[in-house]
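The values are calculated or read from the model by the stated rules, or taken from the named source; none is laboratory data. This structure is a prediction, so every number in the text was calculated from the model and none was measured. Neighbour counts are summed over all protein chains in view; Cβ atoms, including those assigned to glycine, are modelled from backbone coordinates with ideal geometry.
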Amino acid sequence: MTELGFETKEDGYWLGKNRPKRSDGYVLDNVAIEFGKTLYKWAGDGDEKGCIDDAKKLLKNSYVINYDGFELAKELEDRFFYTGDSELVEVCDDLIWIVRKEHTKHIIEWVRINDIVPVFTIGTVVSFNLSKTQRMGKISKIDLLEATYTIEHLDADGQLHNYIINYEDVSAI
């Protein structure tokens, strides 16, 4: 189990067939460490471990991670007695990028470990689900590292949209 109380790679969950999610414990543990180090650099004093612990507590007690820098800075000020300023808001605004980086790292590893290779080729017309609606489109790009397709979809108004869809959410027509 992670320090946040979620299953880890070693617990076997991560090695399964499910794509890692941003909210998975092993992702959030790494996010907390990176965000805590960023807080420590901003603070300029104190101890790095204390900032990492604050970040872990912040993420553990948040049902939904708030990516609004101002709201996060306010929460750090209210719950952990940080002295908020515009620089802290900027540091907190970067949390979304830390999450994205850590999540992507785990997806790439998951793809590698599970030998995932998207089966469709560029130009193939496929079916995919978006916002609980089944749609059709043509594959225009394949990301082998993250196992995703970019799919061009023409909506009812004649507007062409490009959607990045996980390989497991795409099916043949």
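Taking the stretch 110-130 on its own, how many of its residues are exposed (fewer than 15 other Cβ atoms within 10 Å of the Cβ) and out of contact with any Lys or Arg (no Cβ under 6 Å at 6 or more places or on another chain)? Even if it seems obvious, please write down each step before you answer.
Start the filter on the stretch 110-130 by keeping residues that are exposed (fewer than 15 other Cβ atoms within 10 Å of the Cβ), which leaves 112-115, 117, 119, 121-123, 125, 127, 129-130.
So of that shortlist, the ones also out of contact with any Lys or Arg (no Cβ under 6 Å at 6 or more places or on another chain) come out as 112-115, 117, 119, 121-123, 127, 129-130.
Looking only at that region, the number is 12.
Quick grid of which residues meet (1) in contact with a His (Cβ under 7 Å, 6 or more places away or on another chain); (2) of a type in the set (Phe, Trp, Tyr); (3) part of a strand (DSSP E or B):
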{"site": "TYR82", "(1), (2), (3)": "no, yes, no"}
{"site": "TRP97", "(1), (2), (3)": "no, yes, no"}
{"site": "VAL119", "(1), (2), (3)": "no, no, no"}
{"site": "SER171", "(1), (2), (3)": "no, no, yes"}
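Taking the criterion of being out of contact with any Lys or Arg (no Cβ under 7 Å at 6 or more places or on another chain), farther than 19 Å from ILE96 by Cβ and surrounded by fewer than 15 Cβ atoms within 10 Å (Cβ to Cβ), the residues of the stretch 40-56 that qualify are GLY44, ASP45, GLY46, ASP47, LYS49, GLY50.
Name the residue, out of THR148, THR133, that is surrounded by 12 or more Cβ atoms within 10 Å (Cβ to Cβ), β-branched (Val, Ile, Thr) and not assigned by TED's automatic domain parsing to the domain that holds LYS21. Give the derivation first.
Details: THR133 fails: surrounded by 12 or more Cβ atoms within 10 Å (Cβ to Cβ).
THR148 is the lone residue from the list that is surrounded by 12 or more Cβ atoms within 10 Å (Cβ to Cβ), β-branched (Val, Ile, Thr) and not assigned by TED's automatic domain parsing to the domain that holds LYS21.
One residue stands out in the stretch 93-139 among those that are closer than 20 Å to ASP155 by Cα and among the polar types (S, T, N, Q): the one that is farthest from the chain's Cα centre (by Cα), namely THR124.
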